[in-house]
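Below is one structure, written out as structure tokens, with a few remarks after it.
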Amino acid sequence: MSFLRPSAMYNFVFTYPSSRWMPCQSWGFLRWPGLEGFFRLLVVFLLWSTFSQLCYIPSSSMYPTLRVGDRIIVEKASYYIWNPAIHDIVTFRDPTQHCEDNTDVIFIKRVVAKEGDTVEVHHGGLYVNGVAQEEDFVVEPPTYTTELTYVPQGHVYVLGDNRNNSYDSHVWGPLPMKNIVGRYAMRCLRPVN
């Protein structure tokens with residue numbers, strides 16, 4: 001009775017030697033990784049600590065994008081390769097302090113203009129190179145005005161999303177790119193309240 005025998009396709013698919021072995025049939029994958037696994041974990045930890053940083057948001061200057069108490073991950077490697085782009089959120093050392101004094105004071109703001117641009121704030125709007133910017137991430141229009149500012153070579157212009165409650169470039173001018181620590185990568189924890 002040939003209709004009761006398995007077909008050739010069944011024999012090929014289900015009895016082929018390499019398809020019979022499945023990883024879950026062996027419990028060897030649950031073993032302790034050993035010395036090699038420990039070194040892999042050590043390398044991952046060193047790379048993580050070198051090229052990223054966990055930060056805490058202490059103020060509302062970036063509200064509503066980032067809230068007080070948010071924990072964020074900042075990656076520090078990308079700006080060794082390329083310059084900050086418009087709308088990047090960056091962390092940086094306080095540009096008003098001397099280099100020796102400002103290692104602990106880190107700010108986070110959004111890049112709104114790059115080197116060679118002109119920036120002006122008036123009539124509740126931000127103007128870059130004379131063009132009004134559409135910014136849907138801003139809490140409310142700025143109530144202050146600034147004069148036309150040229151962003152020099154090696155600098156960026158940064159503003160907080162909460163424009164009226166932010167200590168940023170409208171107070172102390174363009175930010176030197178050498179002060180930038182890293183780029184906001186993601187929010188990893190937001191407090192419940």
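So with the 1.4 Å probe, I'd like the accessible area per residue for region 85-189, rounded to whole Å². Present the calculation step by step, with values, prior to reporting the outcome.
Numbers: 5410 Å² over 105 residues.
Accessible area per residue, region 85-189: 52 Å².
The C-alpha radius of gyration of region 146-186, expressed as a fraction of 2.2 N^0.38 Å, stands at 1.24. Its Cα gyration tensor gives region 116-193 an equivalent ellipsoid; the semi-axes, largest first and in whole Å, are 23, 18, 11.
Against the criterion of solvent-accessible heavy-atom surface with a 1.4 angstrom probe, V68, V181 sort, most first, into V68, V181.
Decide, for region 63-193, between rounded, prolate and oblate: order the square roots of the alpha carbon gyration tensor eigenvalues as a ≥ b ≥ c, take rounded if a/c falls under 1.5, and otherwise choose prolate if a/b is larger than b/c, else oblate. Since a/c reaches 1.5 but b/c is at least a/b, the shape of region 63-193 is classed as oblate. Projecting the Cα atoms of W172, T146, V121 onto the charge dipole of region 114-189 (Cβ charges, centred on the Cα centre) puts W172 farthest toward the positive pole. A straight line joining the Cα centroids of region 145-178 and region 47-98 runs 16 Å.
The values are calculated or read from the model by the stated rules, or taken from the named source; none is laboratory data. The shown structure was predicted, so the numbers you read here are calculated from the model rather than taken from an experiment. In this analysis, Cβ positions are derived from the backbone assuming ideal geometry, glycine residues included, and neighbour counts consider all displayed protein chains. Only protein heavy atoms, including side chains, enter the accessible area calculation; ligands, DNA and RNA are left aside. Shrake-Rupley method; radii C 1.70, N 1.55, O 1.52, S 1.80 Å.
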